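Novice: Mind looking over this structure? Questions follow.
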Amino acid sequence: MNRSAVVADDYGACAEVLRRSGSTFALPIRLLPAAKRRATTALYAFCRLADDVVDDAADAATARRDLDALEGRTEAALAGGPATDPVLRALADTVRRYAVPASCIRDILDGVRMDLDQVEYETFAELAEYCRRVAGAVGVAAIHIWGFTSSSAIAAAHDCGLAFQLTNILRDIPEDLGRGRIYLPREDLAVCDCSADDLRRGRIGPGFSRLAALERKRASGLYARAARLDGMLSTDGRIVFRAMLGGYRSLFRAVERAGNAIFTRRVRPSRPRMLAAVATTVLLGPTVPRWWR
């Protein structure tokens, strides 16, 4: 089999990872031209691969061993060495083709590793660093694939990643509790007169309304700053960014509507509502009126 056929098969394997995932990113990624779509899919598949090493491991020791092994294989692939995993081959090809900073890939792995070393966070600054690695770095890698016109896009991509990740955190509180993780910072719990123990035991008192409002306010600010990215991307990138932003803001609106229910159940918008948000944001841009989303 010639090299071009192998590369095509590698990207096909990444597309299958995305297809099986049911991710909200699947639809926006389809809006990209073929080459950028394949590269963005490879980036997603790598993130999924890293996440699954930690989330699917039988125990922490196994997860550490497997993550160390993945890190070694990734570094070798990025250095041009042989790789047996089609996702890593596609990732290395993407990094070379689009000059994606290798530091982004390393940050993603470092962020995933934090889930093994830290199950609670003392301050929002600590949480923001986690989000920078697992999500902000993905955003920066993605805009290198899509194309951007200003160095200011780097900071905006980080803000976008933080907004998305904080939305995920608010959506996934019960699921994360089941894994023994609490991402809501202790300082936020304390200032709102809540505690991690209350959360674990399902004692959702009045303070949790203040906590939810605090985290939603932070996320809203991040979405506002992330919207700047729209004017710094190539046409291809702007379309996929708007689609992702519309989908995530729809998810964030579902979190807002749920109120304190986010502490006891996973929430998400209906598919028609999310598709409508994606379509209107693609057509009208990131400043779609709030009542229209």
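Any read-out appearing in this document is the output of simple, stated calculations on the displayed coordinates, not a laboratory observation. What you see is a predicted model, and the numbers here were worked out from it, not measured in a lab. With ideal geometry, Cβ positions are generated from the backbone for all residues, glycine too; neighbour counts draw on all protein chains shown.
Novice: Please state, rounded to one decimal and in Å, the Kirkwood hydrodynamic radius that region 70-120 gives when every pair of distinct Cα atoms enters the mean of 1/r.
Specialist: Details: mean 1/r = 0.0861 Å⁻¹.
Over region 70-120, the inverse of the mean reciprocal pair distance is 11.6 Å.
Novice: Output the direction-averaged projected area (hull surface divided by four) of the convex hull of the alpha-carbon atoms of the chain, in nm². Before the final figure, lay out the partial values.
Specialist: Values: hull surface 60.0 nm².
Over every viewing direction, the Cα hull of the chain projects on average to 15.0 nm².
Novice: Helix 60-78 versus the longest principal axis of the chain: what angle, 0 to 90°, nearest 10, using Cα atoms?
Specialist: Computed tilt is about 40 degrees.
Novice: Dipole size in debye (nearest 20) for the chain around its Cα centre, Lys and Arg Cβ +1, Asp and Glu Cβ -1?
Specialist: Values: 43 positive and 35 negative charges, 305 e Å.
Charge dipole of the chain: 1460 debye, to the nearest 20.
Novice: A follow-up question, please. If you fit an axis through the alpha-carbon atoms of helix 137-146 and take the longest principal axis of the Cα set of the chain, what angle between them do you get, 0 to 90°, nearest 10?
Specialist: Long axis of 137-146 versus the principal axis of the chain: about 50 degrees.
Novice: Right, another one. May I have the convex hull volume per residue, in Å³, for the Cα set of region 94-240?
Specialist: With only Cα atoms used, region 94-240 gives 110 Å³ per residue.
Novice: Per the helix-only calculation at 222 nm, which mean residue ellipticity applies to the chain, given -39500 (n - 2.57) for every DSSP H run of n ≥ 4 and division by its residues, nearest 500 deg cm²/dmol? Please list the in-between numbers first.
Specialist: Values: 15 runs with 207 residues, N = 293.
Computed ellipticity for the chain at 222 nm equals -22500 deg cm²/dmol.
Novice: For region 8-110, just say rounded, prolate or oblate: build the C-alpha gyration tensor, square-root its eigenvalues into a ≥ b ≥ c, call rounded for a/c under 1.5, and beyond that prolate if a/b exceeds b/c, oblate if not.
Specialist: On the way: a/c = 1.93, a/b = 1.29, b/c = 1.50.
Oblate.
Novice: Report, in degrees rounded to the nearest 10, the 0 to 90 angle that the Cα long axis of helix 271-284 makes with the longest principal axis of the chain.
Specialist: 70 degrees
Novice: Return the whole-Å distance between the Cα centroid of region 111-179 and the Cα centroid of region 256-282.
Specialist: Value for the Cα centre distance between the two parts: 20 Å.
Novice: Measuring from label point to label point, each 7 Å out along Cα→Cβ, what is the Gln118 to Ala35 span in nm?
Specialist: Once both label points are built, they end up 3.9 nm from each other.
Novice: Run the Debye formula on the Cα coordinates of region 142-199, all scatterers equal and no solvent, and tell me log10 I(q)/I(0) at q = 0.22, 0.28 1/Å.
Specialist: For the requested q values the scattering log ratios are -0.87, -1.13.
Novice: Starting from 0.36 nm per residue, how many nanometres of slack lie between Glu16 and Asn260 once their C-alpha separation is accounted for?
Specialist: Working: separation 244, 0.36 × 244 = 87.84 nm, distance 3.62 nm.
Full extension from Glu16 to Asn260 adds 84.2 nm.
Novice: Additional query: Calculate how large, on average over all directions, the projected area of the Cα convex hull of region 71-167 is; give the answer in nm² to one decimal.
Specialist: Numbers: hull surface 27.5 nm².
Averaging across all directions leaves 6.9 nm² for the Cα convex hull.
Novice: As an exercise, use a Förster radius of 25 Å and the Cβ-Cβ distance of Asp52 and Val7 to find the FRET efficiency, rounded to the nearest 0.05.
Specialist: Values: r = 23 Å, r/R0 = 0.93.
Efficiency at R0 = 25 Å is approximately 0.60.
Novice: Just to compare against my own numbers: the Cα pair-distance distribution for region 1-60, 10 Å bins, whole % per bin, please.
Specialist: In whole percents, the pair-distance histogram is 22, 47, 24, 7, 0.
Novice: Here's something else I'd like to know. FRET efficiency for Asp193 and Ser270, Cβ-Cβ distance as r, R0 = 45 Å, nearest 0.05?
Specialist: Details: r = 34 Å, r/R0 = 0.75.
That gives a FRET efficiency of 0.85.
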